[in-house]
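Here's the structure we're looking at; comments come further down.
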Amino acid sequence: MESLSNQKRISTSDVAYYEIKKRIIELDYEPDAQLREEQLAEEIEVSRTPLRQALYRLTLEGLIVKKPNGRIYVAPITLKEVEETYKVREVMEGLLAKEATINMTDEKLQELEDLLHLMKLSAEQNRNEHTVRYGRQFHNVLYSLSTNELAKRFVGQLNAQIERYRRISSYKNPAYIHTVPVQEHKEILRLIKEGDPEKVEVEMRRHIKRSLEIAKKTLELDEGALD
């Protein structure tokens with residue numbers, strides 16, 4: 001058994017960072033909600049110094065906004081920001097999916113099959129959080145197969161915001177149909193199996209465009225999510 005001294009340790013600041021980030025992405029902390037250090041420290045069971053380090057990291061990522069008066073808020077979600085993010089995402093993920101098709105292996109193909117199966121089961125059982133999670137993992141497999149490090153870095157920088165937008169649509173839009181993204185991922189996988197990189201890129205971009213339209217409609221329905 002690996003000794004404790006050899007195991008990778010996570011700092012208290014990291015614990016606070018990941019927990020607050022998770023709560024923002026999962027919408028436990030809503031857009032524009034005020035975050036109070038004293039309350040956060042009590043909820044997450046950390047002292048003020050590592051908490052402030054975590055909040056600083058989240059501010060740099062754009063998930064938290066610090067006002068001139070020192071008060072801290074969850075970053076708002078604006079229509080302009082959503083549109084800009086998805087337009088960049090569409091181009092980058094289309095490229096990554098195209099490269100992933102070229103570099104596909106039997107092992108990764110099976111991984112995509114398994115994730116699609118889990119995604120389908122979750123959607124049929126209305127387990128929204130799981131459906132979103134498996135969809136994200138499907139995309140992550142495609143990222144891993146691309147050799148375009150710049151495109152991966154760009155998408156990585158957008159991921160925290162993208163995760164929030166996914167949940168805004170999935171959790172807050174009563175008209176959202178969870179089986180639709182399942183069918184879109186199924187079509188992407190079908191084209192990957194056919195070994196057609198160009199068509200995979202087109203289909204991925206179509207998938208992202210539809211996601212943008214759903215996010216925009218959700219924001220229009222839920223004015224509380226707008227700045």
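No lab work stands behind these numbers, since they all come straight from the coordinates. Everything numeric here is computed off the predicted structure, so don't read it as measured data. Please note: Cβ atoms are built from the backbone with ideal geometry, for glycine as well, and neighbour counts cover all protein chains shown.
For the pair Ile177/Asn128, report the inter-label distance in nm, with labels modelled 7 Å from Cα in the Cβ direction.
So the label points at Ile177 and Asn128 sit 1.8 nm apart.
List the equivalent ellipsoid semi-axes of the stretch 79-225 in whole Å, largest first, each obtained as the square root of 5λ for an eigenvalue λ of the Cα gyration tensor.
24, 18, 12
Quick one: what are the phi-derived ³J(HN,Hα) couplings along the stretch 167-184, Karplus 6.51/-1.76/1.60 with θ = phi - 60°, whole Hz, x for glycine and proline?
Working through the residues one at a time gives 6, 4, 5, 6, 8, 10, 9, x, 8, 5, 9, 6, 7, 5, x, 5, 5, 5 Hz.
Return the calculated 222 nm mean residue ellipticity for the chain, to the nearest 500 deg cm²/dmol, obtained by summing -39500 (n - 2.57) across DSSP H runs with n ≥ 4 and dividing by the residue count.
Taken over the chain, the calculation gives -24000 deg cm²/dmol.
In the stretch 11-74, if every C-alpha pair distance is counted and binned at 10 Å from zero, what percent goes to each bin?
23, 63, 13
Which pairs break 21 Å Cα to Cα here: Lys152/Lys172; Lys108/Lys152; Lys87/Lys199; Lys22/Lys80?
From Lys152/Lys172; Lys108/Lys152; Lys87/Lys199; Lys22/Lys80, over 21 Å: Lys152/Lys172; Lys22/Lys80.
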